There are 2 protein chains.
Amino acid sequence: MDLLELMRRLQTRNKTKIVLLVADGLGGLAREPGGKTELETALTPNLDALAAKGVLGLITPVLPGITPGSGPGHLGLFGYDPLQFQIGRGVLEALGIDFHLGPDDVAARGNFCSIDGQGIISDRRAGRIAGDIGERLCAKLDKIKIPGVETFVRPVKEYRLVVVFRAPGLGGNVEDTDPQKEGLPPLDPVPRDPASQRTADAARQFLKSAREVLKDDFPANFLTLRGIDKLPHIPTFEEIYGLRAAAIAVYPMYRGLARLVSMNVLDAGTTLHEQMSRLEQAWSDFDFFFVHFKYTDSTGEDGEFDEKVKRIEQLDAAIPRVTALKPDVLIVTGDHSTPSRRRSHSWHPVPVLLSADTCRTDHCTRFGEAQCLGGGLGQFEAKHLMSLAMAHALRLEKFGA
Amino acid sequence: MDLLELMRRLQTRNKTKIVLLVADGLGGLAREPGGKTELETALTPNLDALAAKGVLGLITPVLPGITPGSGPGHLGLFGYDPLQFQIGRGVLEALGIDFHLGPDDVAARGNFCSIDGQGIISDRRAGRIAGDIGERLCAKLDKIKIPGVETFVRPVKEYRLVVVFRAPGLGGNVEDTDPQKEGLPPLDPVPRDPASQRTADAARQFLKSAREVLKDDFPANFLTLRGIDKLPHIPTFEEIYGLRAAAIAVYPMYRGLARLVSMNVLDAGTTLHEQMSRLEQAWSDFDFFFVHFKYTDSTGEDGEFDEKVKRIEQLDAAIPRVTALKPDVLIVTGDHSTPSRRRSHSWHPVPVLLSADTCRTDHCTRFGEAQCLGGGLGQFEAKHLMSLAMAHALRLEKFGA
């Protein structure tokens with residue numbers, strides 16, 4: 001019996017409430033060996049108070065040594081084995097902008113880019129063009145027609161867009177066209193299986209037209225496609241856990257991830273303050289709240305150690321608004337580590353804090369990687385976190401007689 | 001290759017002896033956050049001496065967050081993946097009263113209950129009637145005849161009984177008739193697969209007759225059935241480990257669990273003192289001894305923190321009789337936690353102590369949850385405990401060349 005089936009069988013409903021607060025990329029590294037990480041450097045009196053009452057541990061997002069993207073990182077936190085449920089970036093981006101994907105759809109994440117006279121990419125992000133320019137260019141691209149395949153082009157944010165190909169039987173297995181480096185030409189869309197030949201052909205035709213349509217729009221005079229994929233079948237969060245779940249996330253990607261498991265995606269506003277207000281307003285309507293805080297990741301990706309520390313402190317300052325609601329289970333963690341020293345996602349285990357009346361306390365007094373290492377939860381795969389949340393919410397029946 | 005196959009392949013025989021002392025429901029919780037658990041409160045000089053020489057750790061009985069029943073709890077300790085080998089309560093109860101189940105048998109755990117004039121359950125345990133009343137009523141029920149299906153009714157203890165349906169081809173997949181709550185009528189036996197339709201029909205006929213037979217026996221004027229199941233196929237303990245194994249357990253359920261994996265079930269008497277005497281007497285006849293101590297669980301289930309502490313101290317006092325036998329490996333642990341604060345089994349990891357000459361000691365000096373958290377065995381799934389026992393007993397060959 002797999003984990004989801006076990007949860008489905010053991011779950012029971014009651015009035016308890018669970019908050020999963022995800023500080024994206026929370027885990028970090030010290031600047032110097034033996035130094036403090038971003039989380040350990042931050043002054044976090046509220047998180048520390050929770051750590052003292054609750055229990056700490058370290059999460060392995062996928063498996064030891066594996067650096068996850070946002071998709072697997074979050075699916076793991078939601079209790080879905082990220083090796084079993086794999087989701088293309090295109091699908092995530094489409095979900096994140098409320099594009100309703102159907103079974104005939106193949107979605108790709110697009111990036112506007114700059115190409116020179118030889119067709120070589122000089123800027124993979126087209127000078128990070130403003131959102132209104134991206135919107136205007138997407139409207140132009142949306143008019144492209146391909147025989148036999150419907151296409152949709154939608155802006156996401158700045159240089160980012162979504163392209164959807166729609167036709168019965170299109171396969172979702174096509175290689176990225178983004179060469180991942182500047183100084184190279186975009187790649188051709190290559191199918192990875194026979195069922196995706198038509199998809200690759202459609203993408204090739206679309207890109208040919210797009211090059212013509214965008215030729216006078218430097219720096220955004222072309223685009224690359226990646227994460228080309230179809231919607232996978234994923235059992236819903238409510239079906240698995242019996243939880244009415246709400247997602248409060250500012251960024252589309254994370255709303256998309258929540259929608260993928262059929263959480264209710266609420267209007268989160270644009271600031272942590274607004275997210276907290278939304279949490280308060282929605283408190284009586286749901287059992288489970290996924291609250292996503294992006295900036296611990298983005299500051300890490302920018303290599304800004306001090307900024308990441310500040311963002312953690314900003315998150316800490318919001319904690320009293322969460323605890324004032326008296327959740328039965330409050331979990332604070334990340335979907336992966338983003339050490340500012342590495343300027344990218346990493347494989348390092350992620351600190352996790354679980355606060356509930358049913359914790360066996362572990363004498364940790366401070367939320368940080370070093371203390372998490374000795375925490376009562378030990379080190380475990382992220383996919384087990386929801387089982388712990390459910391257990392502490394007293395929402396799981398006994399297994400077996 | 002699965003774990004059992006690995007053990008089967010690597011096991012080698014020698015003269016070493018292993019004692020697995022299971023204090024049922026051993027793990028606990030402090031009364032207050034930051035306080036001491038039952039085990040930490042108890043004065044356990046003998047266990048502490050073992051802890052100092054040996055190595056400690058924490059066991060996850062099934063998976064994080066999963067609260068196990070006694071069946072999965074013990075199967076895990078015996079090295080069988082409790083998610084792979086699932087056993088109905090009826091089968092366990094039947095094994096525990098020495099009822100020899102065959103391949104044509106379907107066993108159900110029965111509870112005498114009280115029903116009112118409208119057939120509504122007013123007491124799910126029939127006022128916890130005395131054992132002699134239960135025995136007399138079971139004798140009456142045992143006379144019920146159903147066409148084509150042989151039935152057997154046997155008392156277990158107080159209000160508990162076993163009902164066995166015997167006929168070739170009976171399926172073992174029938175829903176419980178216990179509604180789990182008072183104020184509701186008993187449920188009808190519903191088959192979960194076509195092969196169990198006949199079983200459900202037989203159960204329905206049996207219950208109809210039972211209602212008539214018991215109508216003047218208030219408070220035990222009806223019964224419910226649950227854990228309806230057939231004997232699963234489980235490879236024997238001796239086949240897997242090459243150990244001649246003995247079980248010394250006072251309570252039927254645990255003798256039944258031992259019999260399920262084909263251990264030799266010895267007459268354990270009724271006290272820990274008698275169990276120790278039996279262990280001493282049988283010492284030369286077996287390689288492996290499973291000794292089960294019930295009262296750490298029952299006091300926990302009663303919510304009696306101080307009583308659980310006393311029972312742990314009672315167990316500690318018996319340790320010198322075990323160590324006097326000089327077992328090569330002595331393991332003390334539980335099948336799950338039963339914190340008296342929760343008055344039930346729980347999902348919290350279970351303390352484990354392993355003492356052997358081959359331990360890499362871990363500087364723990366006291367057997368308790370907090371020290372176990374820093375113990376040399378770390379946190380691991382219960383199913384790996386037997387591999388460790390076998391290793392320290394020098395009964396496993398090297399894996400691979």
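The values are calculated or read from the model by the stated rules, or taken from the named source; none is laboratory data. Not measured: the values here are computed from a predicted model. FYI the Cβ positions are ideal-geometry reconstructions off the backbone, even for glycines, and counts take in every protein chain you see. The accessibility values were calculated without ligands, DNA or RNA, using every heavy atom of the protein model including side chains. Shrake-Rupley method; radii C 1.70, N 1.55, O 1.52, S 1.80 Å.
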Coordinate range along principal axes, alpha carbons of the protein assembly as shown, Å, largest first: 94, 63, 58
Given the candidates B:Gly334, B:Trp283, B:Thr41, the one whose Cα lies deepest towards the positive end of the charge dipole of chain B, counting +1 at each Lys or Arg C-beta and -1 at each Asp or Glu C-beta, is B:Trp283
For a 30 Å ceiling on Cα separation, which of these pairs sit above it: B:Lys143/B:Lys308; A:Lys36/A:Lys181; B:Lys157/B:Lys310; A:Lys53/A:Lys294; B:Lys36/B:Lys181; B:Lys181/B:Lys294? B:Lys143/B:Lys308; A:Lys36/A:Lys181; B:Lys36/B:Lys181
Can you tell me which aspartates and glutamates have their Cα less than 13 Å from the Cα of B:Lys15? Leave out same-chain residues fewer than eight positions away. B:Asp285, B:Asp287, B:Asp328
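For the stretch A:242-306, what is the relative contact order in percent, using Cα pairs closer than 8 Å and at least 6 residues apart in sequence? Walk me through the numbers on the way to the answer.
Details: 79 pairs, mean separation 26.8, N = 65.
Worked out over the stretch A:242-306, it gives 41 percent.
Work out the length of the dipole vector of the protein assembly as shown about its Cα centre, built from +1 on the beta-carbon of each Lys and Arg and -1 on the beta-carbon of each Asp and Glu, and round it to the nearest 20 debye. It would help to have the intermediate numbers written out before the result.
Working: 96 positive and 104 negative charges, 106 e Å.
About 520 debye.
So what's the stretch A:158-263 giving for Rg/Rh, alpha carbon basis, Kirkwood Rh from the mean inverse pair distance?
Details: Rg = 17.2 Å, Rh = 16.2 Å.
Rg/Rh for the stretch A:158-263 comes to 1.06.
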Under the convention of a label 7 Å out along Cα→Cβ, give the distances in nm from A:Ser344 to the same position in every other copy, shortest first. 4.7
For chain A, which span is the longest to avoid every loop-located (per DSSP) member of trypsin sites (Lys or Arg not before Pro) having at most 11 other Cβ atoms inside 10 Å? A:216-401
List the residues, sorted by chain then number, that are 5 or more residues from A:Val156 or on another chain and whose placed amide H is less than 5 Å from its amide H. A:Leu161, A:Val162
Quick one: with label points 7 Å out along Cα→Cβ, list the inter-copy distances for B:Lys15 in nm, shortest first? 6.6
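Under the definition of Cα pairs under 8 Å and six or more residues apart, what whole-number percent is the relative contact order of the stretch B:244-401?
Details: 198 pairs, mean separation 26.4, N = 158.
With pairs under 8 Å counted, the relative contact order is 17 percent.
Would you calculate, for chain B, the mean residue ellipticity at 222 nm contributed by helices, counting each DSSP H stretch of 4 or more residues as -39,500 (n - 2.57) and dividing by all residues, to the nearest 500? Numbers along the way, then the final one.
On the way: 14 runs with 129 residues, N = 401.
It comes out at -9000 deg cm²/dmol, rounded to the nearest 500.
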Taking the Cβ of A:Gly334 as the centre, find all other residues whose Cβ is under 9 Å away and add up their charges (Lys, Arg: +1; Asp, Glu: -1). -3
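Given contacts defined as C-alpha pairs under 8 Å and at least six residues apart, what's the relative contact order of chain B, whole-number percent?
On the way: 965 pairs, mean separation 134.0, N = 401.
With pairs under 8 Å counted, the relative contact order is 33 percent.
What's the Cα-based Rg to Rh of the stretch B:286-380, Rh via Kirkwood? Could you put the intermediate results ahead of the total?
Values: Rg = 14.1 Å, Rh = 14.6 Å.
Radius of gyration over Kirkwood radius for the stretch B:286-380 works out to 0.97.
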One decimal, nm, nearest first: from A:Pro232 to the same residue in each other copy, label points 7 Å out along Cα→Cβ, the values are 2.8
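Please compute how much accessible surface disappears when B pairs with A, both sides summed, using a 1.4 Å probe, and round it to the nearest 100 Å². Provide the component values of the computation, followed by the final result.
On the way: alone 16790 and 16770 Å², together 31250 Å².
Chain pair B/A: roughly 2300 Å² of buried accessible area.
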